[in-house]
Amino acid sequence: MEGAPGRSLRSAFLEDGAISRDVVVPEYPELGLIAFASPHDPEPSIRVEDGRIVEIDGTPEAEFDLIDAFLAAHGIDPAVADEAMAIDDLSWARMIVSTDVPRADVLRLVEGATPGKLARVLSLLSPLELMQAMAKMRARRTPSIQGHVTNRIDHPLLIAADAASAVALGFRELETTVPVLRDAPLVALALLIGSQVPAPGALTQCAIEERLELELGMRGLTTYAETVSVYGTERVFLDGDDTPWSKAFLAASYASRGLKMRFTSGSGAEVLMGAAEGKSMLYLEARCLAVTRAAGSQGTQNGGIDGINVTGSVPNGMREILAENVLAALYGLETCTGNDTQMSASDIRRTAHTLPLLLAGSDFLFSGFGSIPTYDNAFGPSNFNAEDIDDYMMIQRDWGFEGALRSKDDATLLPLRRRAAEACRAVLEELELLTFDDAEVERVVHAHGSLDVAQEQTDDTATAGDAVIERGITALDVVRALAARGFDVEAERVLEMTRQRLFGDHLQTSAIFDEDMRVLSALTDPNDYTGPGTGYRVSAERQTEIARVRQERTHAELLAEQAPHAGCVTLAEAGPAAAKVRPDEVVIGVSPAFAKEVWLTLSGVTVGEALRQMLAGIEEEGVHARVVRVTHSLDLGMVGWTAATLSGSGVALGIQGKGTSLIHRADLPVLANLELLSVAPLIGPEHFRALGRNAARHAKGGKPAPVILPESSAAMGPRYHAKVVALITRESACLEPGPARAVEVSWPS
């Protein structure tokens, strides 16, 4: 194959890679396509007269837009403003990162800082410094995680079962949405039921149009909200028929009904709306977060969100995302960090985007890990989805960080899924909303996603959703239905979620319920990180739980496949091996445990078959063969070289129990060889036979073409390394000092 003129085959190969599906652009400040420090960003400033703020970031009071006016009235403390703004940028940056400056001192000063000041300060921090700042400044000590639970057909039983799975895995907030708005009441009801099956206290929400979302919350069918969007320019606010005041009113509406809520923002939104006003993404996000705090919201969902691909397209975009997450922490907000949109076609790139915050810790490491398959994620693919759960568990294990998830097998998950599906079905029947047969429940229990169930999108779910609204169904009706059908535990847990709204403790900043219904928040579980040895640390018990993943195999499990093949060949020892019996021979040296404790090679070929093929290849060339066992070393080079010193031709084969093989010659150094097949998982019977032929040809003085293993770009090490250690351990147990021993070979009849 030839490349096009002026274009290499390497370039053609790279252009077909996943990363080539990502489109990136140069900075274009006029459109807002710039992460930090746009030439159009205002110069930070503030002016206070008679206790009233009359200038913000170069804009005088007479020219304030809606955001400036709101911040001047509610978002910046005039008593702290002059002190905060007088600190030079570099000193500010060092205060944020330094473990010698208490978090509380930084929070106090932020109350007097303008968005322009904070954006400029954060632009000075490197990725590592931003991670350090997040570890210090986040509100809650214990990290948690939020998941998406949706499906493309709004199947309520599947919603309930998937909610149960998600909570069992460790998600403490569950977010759903619907392709069909009328389905929302039924989906919210199903999510509430399923979320309380494995353990109490998981918070749930249904992200839809704000009026209906609030109504569902007031009915007790949801327990928190977050899709209350704020923006960094006046025009985008007005395009959405909103103002900072209307958002503040909505926040108060939720809080007054005992519903936890957070605002949503994130860089890139203003660019997508065509109203970035030439400002940098971080500056606009600083305005959003200032509004969020001023409006009384306890937290924020930010970090790109729907605009992540815009932010990710410009230089330093991922650093800006991390900076805006840190900025939320500086404002004292609960940080629900945006990972709910897939930001790249490249697995490496999307993991690189996520990893810094996982290591630094965040109140919520994900705002929307897709706990369901990508095709069922009604928000669009999250940065991580159900297909990535095992990978996430392994990364959590590799680094030993608190990723908040735990591995569960089917023995645990299937009963929970069944209980959730049956509880949801019982409520739907008791309330005369929908019916499902046993076969559908069974499909839901075992389903990966909606493609595995029988039901398709129908109007039945929407009609049932309408009935929920029209009949005024509330969480108390759900409680009564659960109790009537014998689901007493779930009834009590749903009732407790309603009862907790009367106490309101979960309205504290960054509050969640743990599985014992204790409130963990900035008040009850404050972040106390002040350097090494402080802050949240994974306990020994939790580290043990983190280490247990689906892929973990015990030593006994790794060796279990050996036993069925024991006796596939017999190597009867016949005393010390004689040297140089005849000049036309090739000696095969086998390792200490070969056909003694190790019976199956890594490629799945038995040691008996491997030896049979080597002997056959030698015989095909008319050369005599002998087999000896080398017991003083398990090193393949030493095994082959020892056999070569005993060979009349000076040529020998060496083979370990795991299948790694070579051709050696007595006059070569131990670590040299004539041919080496080092990738044991790829060595098939034909390769062992060909290696035998080549050894015989070398013995006759020939120079045969070497045996080449098939091409493979698969990562062999991660798959086989643990098994190699187990097999080498068996080889080591069979080591004995002394000379090689002759063996007589026989196969069972």
Within region 381-418, residues part of a helix (DSSP H, G or I) and either more than 10 Å from the chain's Cα centre (by Cα) or under 19 Å from Val197 (Cα atoms) (or both) come out as Arg397, Asp398, Trp399, Asp410, Ala411, Thr412, Leu413, Leu414, Pro415, Leu416, Arg417, Arg418
Result of the Cβ filter at 6 Å on region 147-176, keeping first residues that are within 16 Å of His446 (Cβ to Cβ) and in the same structural domain as Leu414 (by TED's automatic domain parsing) and partners that are of a type in the set (Asp, Glu) and modelled with pLDDT of 95 or more, at least 6 apart or interchain, is Asn151/Asp376
Selection from region 695-739 of residues surrounded by 14 or more Cβ atoms within 10 Å (Cβ to Cβ) and either of a type in the set (Asp, Glu) or at pLDDT below 90 (or both) yields Met716, Tyr720, Ala722, Glu731
query: Does region 557-567 contain any residue that is touching a residue at least 24 places away in the same chain (Cβ under 8 Å) and in contact with a Gly (Cβ under 7 Å, 6 or more places away or on another chain)?
result: no
Condition check: touching a Pro at 6+ places or on another chain (Cβ under 8 Å), crowded, with 21+ Cβ neighbours inside 10 Å and not in a loop (DSSP other than H, G, I, E, B). Does Leu118 satisfy that? no
Expected output for region 663-678 (first residue under 25 Å from Ser712 (Cβ atoms), partner hydroxyl-bearing (Ser, Thr, Tyr) and surrounded by 15 or more Cβ atoms within 10 Å (Cβ to Cβ), Cβ below 7 Å, 6+ apart or cross-chain) is Leu677/Thr660; Leu677/Ser661; Ser678/Thr660
Residue set Leu212, Leu189; condition under 17 Å from Lys260 (Cα atoms), in a helix (DSSP H, G or I), in the same structural domain as His155 (by TED's automatic domain parsing) and not charged (D, E, K, R); output residue Leu212
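For (1) surrounded by fewer than 14 Cβ atoms within 10 Å (Cβ to Cβ); (2) closer than 21 Å to Leu333 by Cβ; (3) out of contact with any helix residue (DSSP H, G or I) (no Cβ under 9 Å at 6 or more places or on another chain); (4) in contact (Cβ under 8 Å) with a residue 40 or more places away in the chain, each residue gets a yes or a no:
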| residue | (1), (2), (3), (4) |
| --- | --- |
| Val24 | yes, no, no, yes |
| Glu61 | no, no, no, no |
| Leu71 | no, yes, no, yes |
| Ile76 | no, yes, no, yes |
| Glu83 | yes, no, no, no |
| Asp89 | no, no, no, no |
Counting only helices (runs of 4 or more DSSP H) wholly inside region 244-316, the ones holding at least 2 residues that are in contact with a helix residue (DSSP H, G or I) (Cβ under 7 Å, 6 or more places away or on another chain), among the charged types (D, E, K, R) and under 27 Å from Pro39 (Cα atoms) are 281-294
Screening Gly608, Gly589, Gly648 for residues that are under 22 Å from Tyr720 (Cα atoms) and among the small types (Gly, Ala, Ser) leaves only Gly608
Of (1) outside any helix (DSSP H, G or I); (2) touching a residue at least 24 places away in the same chain (Cβ under 8 Å); (3) of a type outside the set (D, E, K, R), Gly640 fails just (1)
Among Ala426, Ala378, Ala421, the single one that is outside any helix (DSSP H, G or I) and of a type outside the set (S, T, N, Q) is Ala378
Original post:
Does region 327-342 contain any residue that is touching a Pro at 6+ places or on another chain (Cβ under 6 Å), at pLDDT below 95 and surrounded by fewer than 24 Cβ atoms within 10 Å (Cβ to Cβ)?
Top reply: yes
Determine whether Leu355 is within 11 Å of the chain's Cα centre (by Cα) and under 15 Å from Thr142 (Cα atoms). no
Subset of region 492-548, residues β-branched (Val, Ile, Thr), surrounded by 14 or more Cβ atoms within 10 Å (Cβ to Cβ) and either outside the structural domain of Arg406 (by TED's automatic domain parsing) or outside any loop (DSSP other than H, G, I, E, B) (or both), comes to Val494, Thr498, Ile512, Val519, Ile546
inquiry  = Within region 222-230, does at least one residue satisfy the condition of being small (Gly, Ala, Ser), modelled with pLDDT of 95 or more and crowded, with 24+ Cβ neighbours inside 10 Å?
reply    = no
How many residues of region 231-250 are within 26 Å of Glu320 (Cβ to Cβ), in contact with a strand residue (DSSP E or B) (Cβ under 8 Å, 6 or more places away or on another chain) and buried (at least 20 other Cβ atoms within 10 Å of the Cβ)? The answer is 1
Of the residues in region 464-491, those that are assigned to a helix (DSSP H, G or I), in contact (Cβ under 8 Å) with a residue 60 or more places away in the chain and of a type in the set (Val, Ile, Thr) come to Val468, Ile469, Val478
In region 441-486, anything of a type in the set (Ser, Thr, Tyr) and out of contact with any Asp or Glu (no Cβ under 9 Å at 6 or more places or on another chain) is listed as Thr458, Thr463, Thr474
So, first residue assigned to a loop (DSSP other than H, G, I, E, B) in region 438-450, second residue charged (D, E, K, R), Cβ within less than 8 Å, six or more apart or across chains; the pairs are Gly449/Asp376
Taking region 5-22 and keeping only residues that are assigned to a helix (DSSP H, G or I) and under 21 Å from Ser344 (Cβ atoms), one is left with Ser11, Phe13, Leu14, Ala18, Ile19, Ser20, Arg21
Within region 220-237, the residues that are outside any loop (DSSP other than H, G, I, E, B) and under 28 Å from the mean Cα position of the chain (by Cα) are Tyr224, Ala225, Glu226, Thr227, Val228, Ser229
Has region 183-198 got any residue that is hydrophobic (A, V, I, L, M, F, W, C) and surrounded by fewer than 23 Cβ atoms within 10 Å (Cβ to Cβ)?
-> no
The correct count of residues that are in a loop (DSSP other than H, G, I, E, B) and not small (Gly, Ala, Ser) in region 648-682 is 11
Expected single match for farther than 29 Å from Arg665 by Cβ and in contact (Cβ under 8 Å) with a residue 24 or more places away in the chain among Ala714, Ala726 is Ala726
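The values are calculated or read from the model by the stated rules, or taken from the named source; none is laboratory data. Predicted model only: the values in this text are computed from it and were never measured. Note: ideal-geometry Cβ built from the backbone for every residue, glycine included; neighbour counts use all protein chains shown.
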